[in-house]
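Quick notes on the structure that follows.
The values are calculated or read from the model by the stated rules, or taken from the named source; none is laboratory data. Values in this document were obtained by computation on a predicted structure and should not be read as measured data. Virtual Cβ from ideal backbone geometry, glycine too; neighbours counted across all protein chains shown.
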């Protein structure tokens, strides 16, 4: 009986075959088994419920989360002359389409402050998550005309003296 071939995909802390024959593996084990054409499920690992997998041709199997990708986060502060609603409207209706047009962008998430009567509201207004395949893909996106358009739009709604951004390492601990 021929062995089943699996696409190997990084995901911290778990391993699991998907319905499409994809096996998800912890990233620290990648160097050992990444290039093997077939393997069986690694014993003793919890199953992955959320991940993003890519087959060898680059087609994406959309699940929810992955350590395969580079994560870039932006902590946005609104301009002082804008209300929270004006800021949000601009971010959702004008800036989001510009950001979503970035070449190589895999996921784009906006996190907005919600009313919480038990806590003091944060000073920031939104946290943005952008996911790319790798650092080169991200830098190519920022250098593109779409990246320039996105950057040019930021001063229209964001306080750039307080806004910050960085590539981050996400650790899933639970």
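Of the residues that sit in the range 120-138 and are under 21 Å from residue 89 (Cβ atoms) and touching a residue at least 40 places away in the same chain (Cβ under 8 Å), which one is surrounded by the fewest Cβ atoms within 10 Å (Cβ to Cβ)?
Among those residues, the one meeting the criterion is 123.
Starting from the range 155-174, keep only residues that are modelled with pLDDT of 90 or more, then list their pairs with residues that are loosely packed, with under 11 Cβ neighbours inside 10 Å whose Cβ atoms are within a distance under 8 Å, requiring at least 6 positions of separation or different chains.
Within 8 Å, the pairs are 159/80; 162/123.
Tell me which residues, restricted to the range 139-157, are surrounded by 15 or more Cβ atoms within 10 Å (Cβ to Cβ), out of contact with any helix residue (DSSP H, G or I) (no Cβ under 8 Å at 6 or more places or on another chain) and under 20 Å from residue 127 (Cβ atoms).
Within the range 139-157, no residue meets the criteria.
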